[in-house]
There are 4 protein chains.
Amino acid sequence: MSSDRLKAFSDGVVAIIITIMVLELKVPHGAGWSDLTGLTPVFLSYVLSFIYVAIYWNNHHHLLHTSEKVDSAILWANMNLLFWLSLIPFATGWMGENHFAPLPTALYGIALLMPAIAYYLLQRAIIRRHGSEGVLAQALGTDFKGKISPVLYLTAIGAAFVATWISYLIYVLVAVMWLVPDRRIENALREE
Amino acid sequence: MSSDRLKAFSDGVVAIIITIMVLELKVPHGAGWSDLTGLTPVFLSYVLSFIYVAIYWNNHHHLLHTSEKVDSAILWANMNLLFWLSLIPFATGWMGENHFAPLPTALYGIALLMPAIAYYLLQRAIIRRHGSEGVLAQALGTDFKGKISPVLYLTAIGAAFVATWISYLIYVLVAVMWLVPDRRIENALREE
Amino acid sequence: MSSDRLKAFSDGVVAIIITIMVLELKVPHGAGWSDLTGLTPVFLSYVLSFIYVAIYWNNHHHLLHTSEKVDSAILWANMNLLFWLSLIPFATGWMGENHFAPLPTALYGIALLMPAIAYYLLQRAIIRRHGSEGVLAQALGTDFKGKISPVLYLTAIGAAFVATWISYLIYVLVAVMWLVPDRRIENALREE
Amino acid sequence: MSSDRLKAFSDGVVAIIITIMVLELKVPHGAGWSDLTGLTPVFLSYVLSFIYVAIYWNNHHHLLHTSEKVDSAILWANMNLLFWLSLIPFATGWMGENHFAPLPTALYGIALLMPAIAYYLLQRAIIRRHGSEGVLAQALGTDFKGKISPVLYLTAIGAAFVATWISYLIYVLVAVMWLVPDRRIENALREE
């Protein structure tokens, strides 16, 4: 089965997720500076989550580029990823509304950890279909970023109950690390 | 007429339906454990409905794969299916918010029964166009799952007024039954 | 310029419009029959508007099928149509929430009249580009339904201040009239 | 990498942004004229923003038409544009709800200025990839409208604290200026 509709559906869901988050930025009733500055934590949460979801879309774009045919295992691994991504707006909103309290900060880490695991499972499902000689398998190599991210998320989840600023530092750090595009796949495709 | 735009439009509507449901998971004002655990029934309802809508997308994907040309009957049978799917978020929200009370539990069953009937009518419309010798007609065969599901939904609707846990057991059971992908169509396509 | 992206964008907007309307069907807090039956007017409004938007999508599908190339006039005529369609959820919600009071009933008629005019302008823009010998120009012929609809909407708008049931009768009648698919274009395409 | 999915994703996000804005037009509880007329500022804000987002989609359509291949720089420049566009509904809602008070009027100008800058950066990213001999580079030429717009937005932002009607005049003026389609690219493509 062709992967075209899977890509289109995923694009639709991710487009909605990324845009729904902005609805948490609720229009204040007053028209003064304090009404605006009161939204700062919600806005910062939005920026961070926008970047994370954009990174997922970007990598998903690269990932499915390597897979022209999909089977049921890939379809469901993809659905699983979309499910966990769909919870990011909730975690973002809760964190923003509570001015970065410990529990919402930890939950945000879980909301980042789960799609990371789901993405890993999707990679596995694609490699299983195309074999370890496929473009993706060779491109991934040791997959350092994919392996270190969950460890960092877990650290941030634990740190939330000690000092939330450590968690935020980690969330920003991981985002920056991923913003560097996944040149491995780009290179592997070019070499073909 | 080509089925491409029909697929794209359906993908769009289903993507929105599946994502709109998460909006029922309203961000709590407090930042404590109890604020989070209070959302458990809404969350569980969301998980169940996400799986159901994902199953529909998946099967719809397979179904329209067999039909490259569409006529007005197929267009409207598809619109009918989308209409009933669009009511799932409402039924899900009502069930989740009322902690699985009898009437919302029964309505949820109706919200699952109606798209099942609509899906059946869409299958008929496609078969009518492509003839009983078409890929779909042969693939469906006796269509056991398609026939047993409405019976199970009806049982669950009735059971809701006796003991809601029976209804939930049935809803989960049917979801599990469908999670096994529709290999009939996949196989029929492969044999061609 | 190719019409592919125009179709895709229109599909996206219409998919969101049709799904946003269901959000007016707000989840009631109680779990009893009266909570559900209280939603009847909102539900009926939703059904009617769903059918109207579905008719527009359907006819839009046929209409742009005849136009592979688009120019700026077509692009903006299409945007104008999408703008008026985007106001249907508001008019639907207002009518449903106010149990079919005169003013909301009349506004609903305006919300149907405006996209009808916009659709007419879009047809003109396409015919202007493809010439009166094009598929669309010949298919439309006298365009009876397109010409009688605005007259009927205007009648319904006026009737709303006398007896709202006349308006509803007209709204349902026009919907039924359009549900008969636009075979003119289908036939013209087949003859080519 | 092909630009198809980038276009599809952008279409999805812009379709949602343009439709989400209409949600600020909240259904009033009463059914009288005053309930409707009270929404006038929100409605006018919606019309203006709809036109702006439509202009962006239109120009984005032309812009990416010139670029069949995309790299990571283009992907992220595009994400940056989508981010700023996603804030337009918020700025629109705040301006409409506060009946055009100074600070919301100025923020609206910022909400228009930022995507203008982001659009400029996206143009740069595309030109960098395709070279100054590419279709886009020649089509843009001196890019008068692209250069004058930010200056006008800045003027409007400052004017908001003196007399808001000057700001609105400018916002409407810039929209009218852009409504004239970007014939430069259309012409350059035709000459090829």
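Taking the label point 7 Å along Cα→Cβ, B:Gly146 and its counterparts in the other copies are spaced 3.8, 3.8, 5.3 nm apart, in ascending order.
Look at the alpha carbon pairs under 8 Å that are at least 6 residues apart: their mean separation over the length of the stretch A:1-76 gives a relative contact order of 58 percent.
The calculated Kirkwood hydrodynamic radius for the stretch A:20-72 is 13.8 Å, given to one decimal from all distinct C-alpha pairs. Between B:His60, B:His29, B:His99, the residue with the greatest mean-square fluctuation in the GNM of chain B (Cα pairs under 10 Å linked by springs) is B:His29. Mean partner shielding of peptide D:162-172, defined as the number of other chain Cβ atoms within 10 Å of each residue Cβ, is 0. Couplings 3J(HN,Hα) for the stretch D:89-99, derived from phi with the Karplus relation 6.51 cos²θ - 1.76 cosθ + 1.60 (θ = phi - 60°), are x, 4, 4, 5, x, 5, 5, x, 6, 9, 6 Hz, where x marks Gly and Pro. For a quick check, take a GNM of chain A with Cα springs below 10 Å and name the residue from A:Pro104, A:Pro150, A:Pro28 with the largest mean-square fluctuation. Largest GNM mean-square fluctuation: A:Pro28. Taking C:Thr66, A:Thr19 and ordering them by how much accessible surface each has at a 1.4 Å probe, largest first, produces C:Thr66, A:Thr19.
The mean count of C-beta atoms from other chains within 10 Å of the C-beta of residues in D:149-161, rounded to a whole number, is 0. Roughly what angle does helix B:164-179 make with the longest principal axis of chain B, taking Cα atoms, 0 to 90 degrees, to the nearest 10? Once rounded, the angle reads 40 degrees. Across the stretch B:41-135, C-alpha contacts under 8 Å between residues 6 or more apart give a mean separation that, scaled by the residue count, equals a relative contact order of 41 percent. Across peptide D:58-70, the average count of Cβ atoms from other chains found within 10 Å of a residue's Cβ is 2. On association of chains B and C, roughly 3000 Å² of accessible area becomes buried (total for both chains; probe 1.4 Å).
Taking all protein chains together and a 1.4 Å probe, the residues C:Leu112, D:Leu173, C:Leu23 rank D:Leu173, C:Leu23, C:Leu112 from largest to smallest accessible area. Each 20 Å bin from zero up to the one holding the largest Cα-Cα distance in the protein assembly as shown carries the following percent of pairs: 15, 51, 32, 2. Remark on B:Ser86: its backbone amide H falls under 5 Å from none of the residues 5 or more positions apart or on other chains, H modelled at 1.01 Å from N. Sequence-ordered 3J(HN,Hα) estimates for the stretch D:31-44 from the Karplus curve with 6.51, -1.76 and 1.60 and θ = phi - 60° stand at 10, x, 4, 5, 5, 7, 5, x, 8, 3, x, 5, 5, 4 Hz, glycine and proline given as x. Per residue, the stretch B:6-96 exposes 27 Å² of accessible surface when a 1.4 Å probe is rolled over the protein heavy atoms with every protein chain present.
Modelled this way, with points 7 Å down the Cα-to-C-beta line, the labels at B:Ile117 and A:Ile166 are 5.9 nm from one another. Helix B:4-20 and the long axis of chain B differ in direction by around 10°, with both axes built from C-alpha atoms. Annotation for the stretch D:7-58 versus the stretch B:1-56: alpha-carbon center distance of 24 Å. In order along the stretch C:143-154, phi translates into HN-Hα couplings of 6, 4, 4, x, 8, 7, 4, x, 4, 5, 4, 4 Hz, rounded to whole numbers, per the Karplus curve 6.51 cos²θ - 1.76 cosθ + 1.60 with θ = phi - 60° and x for Gly and Pro. Contact with the other protein chains removes 50 Å² or more of accessible area, compared with the isolated chain and a 1.4 Å probe, from these residues of the stretch C:28-49: C:Ala31, C:Leu36. Rounded, prolate or oblate: pick one for the stretch C:41-95, where a ≥ b ≥ c are the square roots of the eigenvalues of its C-alpha gyration tensor, a/c under 1.5 means rounded, and failing that, prolate if a/b is larger than b/c, else oblate. Oblate. Surface composition of the stretch C:61-111: carbon plus sulfur atoms hold 64% of the accessible area, using a 1.4 angstrom probe and ignoring ligands, DNA and RNA.
Between D:Glu24, D:Glu68, D:Glu97, the Gaussian network model of chain D with springs among Cα atoms under 10 angstrom shows the greatest mean-square fluctuation at D:Glu68. For the set A:Arg128, C:Arg124, B:Arg5, the ranking by accessible area, highest first and with no ligand, DNA or RNA atoms included, is A:Arg128, C:Arg124, B:Arg5 under a 1.4 Å probe.
For the stretch A:1-141, the Stokes-Einstein estimate of translational diffusion at 25 °C and a viscosity of 0.890 mPa s comes to 150 µm²/s, using the Kirkwood hydrodynamic radius over alpha-carbon pairs. Contact order for chain C, expressed relative to its length and based on alpha carbon pairs under 8 Å spaced 6+ residues apart, stands at 24 percent.
Local charge sum around B:Thr40 (other residues, Cβ-Cβ under 14 Å, Lys/Arg +1, Asp/Glu -1)? With Lys, Arg at +1 and Asp, Glu at -1, the net is -2.
The values are calculated or read from the model by the stated rules, or taken from the named source; none is laboratory data. Remember, predicted model here, so these are calculated numbers, not experimental data. Cβ coordinates were reconstructed from backbone atoms using ideal geometry, including for glycine residues, and neighbour counts include every protein chain displayed. For the accessible areas, the whole protein counts, side chains as well, though only heavy atoms, and no ligand, DNA or RNA atoms are used. Shrake-Rupley method; radii C 1.70, N 1.55, O 1.52, S 1.80 Å.
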